[in-house]
Amino acid sequence: MKSLHTFRTLVPVQGDSTSNTTSTVLSPFTPGNGMVEIATLTTLVGSSTAGILMFGTRGSAGLPWAAMSAFGALSIVRTCISGASPAWLRETLGIRDGMGDSILGLALNLEKDTRGASKLRRGSLEASQDKIEVVSTHEDVYQFSRTILNILDTLPTSSASSPPRIYTCVPSKFTPFQYQSVLFIQPYKLLLGTLSSVKLVELYVIWRLDSLISALVFGLPWAYFFLASLVLHVTSLFQKGGETSLGPMDYLVGRIPLAQREGRERAILLGAHETSQTSVMWRTVWALGAMVEVVSIVLSYTQLNQIGNYTVYVWAMFQLLWLGTRIIFHHFTCNWNECPNRPIMQRRWEDLDAPLKLRILELVVSLAKYQSYVHPRGDYSYRWDLFSSQQLRSLCGLSHRQLTTEHPLNLTEMLGKKIIVDVIAVIGDTLLSSTSWIKGSTYTGMDFYDCCLVSIRIGTETHSIPSVRVLSGKAASAALSHLKDTEIGEQVNFTPKGASNYGWGINWYFWIPCQDGCWIEMISENESMKFLGLREGMVLHERSLDAKLRSGELSISLRGVNEVKETLEISQNASKILLDFLP
C-alpha cells in the first residue's frame, strides 16, 4: 500500500493493585504492538501468484492454495470481482488485465447495449477487426480465451471471394468423466487440492494459543475456497458429454466487414465447448468468494487488535510459510485445461444438416447486429430492423421464399396520392452485407449502404420486395437555410455515404418499386424512427423522384433516380443470396 494509516490500539491502564481497565489511546510504536499494524497491512499487499491461481489456471485445486496465506488478500478480492463481472463492467471498474482476458476472454452481449459496452466497442474497434465470437447469447469478442484461441489459430481461412471454410468439433468418444479419469487428471487435482488442508495446522495452533473464534476468522477464506474447489471438482465429473453432442459455442473468425471496411478472409467453427471458468458455477464461486474475502479482512483486522503479540508473531510466520508454499505450488504445477480440445473436421455447406445451417445463420444475424452497433448511422437507427433468425425464416416462409421485384398492384392512377402500406418487417443493409460476405460476394459495405428488403402485407398475402432506403437529416439543412450566401446562390447539399448523422428530425426514407416507373415513398416516424405497421406512403413517378433527389433537399448521397435504380439492383442480388442461404 502506498498510503499510510494510523491505527488505534487498546492497551491496559493500571487502575489499582488488584484490577486492570482498558482505554483507547494512541500508543507509540513498539515491536510488540507494531506487529498489529504490520500484520494488517500485509493482508492488503498484492500478490500476482494468488490472483493467477484464483483465476483457475491450475484448475479448481488452485483455489484453496490461493487463499492459504493472508498475504495477497486484496489480489484475491480483485480477481474474484473480475471473474464474476461481465466484460463491460470489468472495463468500467478498471480491473481488466491480461490474465483475466486470457482466461475469460473479452466478450460483449449483443442483446444488451449498455453504456459501458458501447464505449468499449467504439474504443476497441481496431482490436475487433479480425475476430468475432457468437454463442447462444450472441456476443462479439475482442479477446478470445486462451483455450479457444489455441483452436482458432490453427484454422485456415478462405478468401473473401470463395466459399467459407466450415469446421465442426468432433465429439469425443469419452464423456469428460471418462476422458479425464483415463488420464488420471481428476484424481491428481483432487490430491493437490486436499494437500492444502495443511492449513489446519495453523488453525489448531491459533486455537490453542488464543481462541476458537480467532482460528475460525483466520481460516474462513481457506475453508470457503477449499469447499468450493471440492464442489467444482465433483461438478466437472458430471459435465455433459458423449459421442453425439456438440458444444454450444460457434465462432465466426476473420476480417469482418463493416459499413466502411471491406470484409476479407473468414472461417466458421461450430460446436466448441466453453471453458469451465465461464460457467455459472465458477462465477458464483467468485462472487461469493469476493464477499468472503472482504469480510475476512475486516474480521482479521479486528481480531489482530485483540489477540496477544506472541500470537500475532505466530500468525505472521504462518502467513510467510503459506506464501512460500503457494509459490512452490504455482511453480511446479502446470496449466490444466478443464475443457479438453477436440479434433476439428472440415465440412462443406452442402453436407451440413439443417440444425448446423441454422447455427451458421445465427452467426450471420449476430454479425449484422454487431455491425449496427458500430455503424456510422448509430445503432438507434437500426432498432426496428429484423435481427432474429426465427423471424427471418418465418417471414420467408410466408412469402414462399420468393422475391417480388415490384409492388404487385398497378398504382398508376394513384400518382401524387397517399396510400396505406402494411409493413411487416425490414431487413437492412447490415444483414444483407453479412450474408453476402459469408457467401463470397464481392460487394462491399458501401455498396449495401442504402439497400433493404421490405416485407409488406397486401390482403392475405405477404410480399418481400427489395427496396431502397436512406437516412435523411434534412431538418439540419432547413434550419441553416437563412445563412445561405445570396451571391453564391442556391447550394445543393449531398451528404456522402458513411457520414455521421446530424441535425434534427432524422428519418428513414423508403422507396419501394412499383409498375410503370412508379415508386412508393414511405417515411418513418420523426422521433422513434419506427417504420413497422400501417404506414402512410406517397405514390411518385420516377420523374418526380428524380427531381426531388437532384434538388439535394434530403441531404443524402443519391443524386438522381438512376442511382436509386443501381442501388435497387444490388438489393435484389443481395436478397436472392439471403433467400438461398436460409436453411
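Remarks
- Only residues that are loosely packed, with under 14 Cβ neighbours inside 10 Å and either touching a Ser or Thr at 6+ places or on another chain (Cβ under 9 Å) or part of a strand (DSSP E or B) (or both) were counted in the range 416-429, giving 3.
- For the range 529-563, a residue qualifies if it is among the β-branched types (V, I, T) and without any contact (Cβ under 8 Å) to a residue 40 or more places away in the chain, and exactly one does: V561.
- Tallying residues that are open to solvent by less than 30 Å² (accessible area, probe 1.4 Å) and either under 26 Å from T412 (Cα atoms) or of a type in the set (D, E, K, R) (or both) within the range 508-530 yields 14.
- Filter pass, K199 being modelled with pLDDT under 70 and either open to solvent by less than 20 Å² (accessible area, probe 1.4 Å) or among the basic types (K, R) (or both): no
- Boolean, F329 is in a loop (DSSP other than H, G, I, E, B) and crowded, with 17+ Cβ neighbours inside 10 Å: no
- M291, sole failed condition from (1) farther than 30 Å from F387 by Cβ; (2) touching a residue at least 60 places away in the same chain (Cβ under 8 Å): (2)
- Criterion applied to E362, E413 was being buried (at least 18 other Cβ atoms within 10 Å of the Cβ), over 23 Å from S524 (Cβ atoms) and acidic (D, E), and the one residue passing it is E362.
- In the range 430-453, the residues that are open to solvent by 30 Å² or more (accessible area, probe 1.4 Å) form Cβ pairs under 7 Å with partners that are basic (K, R), at six or more places apart or across chains, as follows: M446/K497.
- Among the residues of the range 531-583, those identified as in a loop (DSSP other than H, G, I, E, B), surrounded by fewer than 19 Cβ atoms within 10 Å (Cβ to Cβ) and of a type in the set (A, V, I, L, M, F, W, C) are L532, L582.
- Residue in the range 456-478 that is under 34 Å from the mean Cα position of the chain (by Cα), modelled with pLDDT under 85 and closer than 30 Å to H375 by Cα present: yes
The values are calculated or read from the model by the stated rules, or taken from the named source; none is laboratory data. Everything numeric here is computed off the predicted structure, so don't read it as measured data. All Cβ positions, even for glycine, are placed from backbone atoms using ideal geometry, and neighbour counts span all protein chains on display. Heads up: the accessible areas ignore ligands, DNA and RNA and are worked out on the full protein's heavy atoms, side chains in. Shrake-Rupley method; radii C 1.70, N 1.55, O 1.52, S 1.80 Å.
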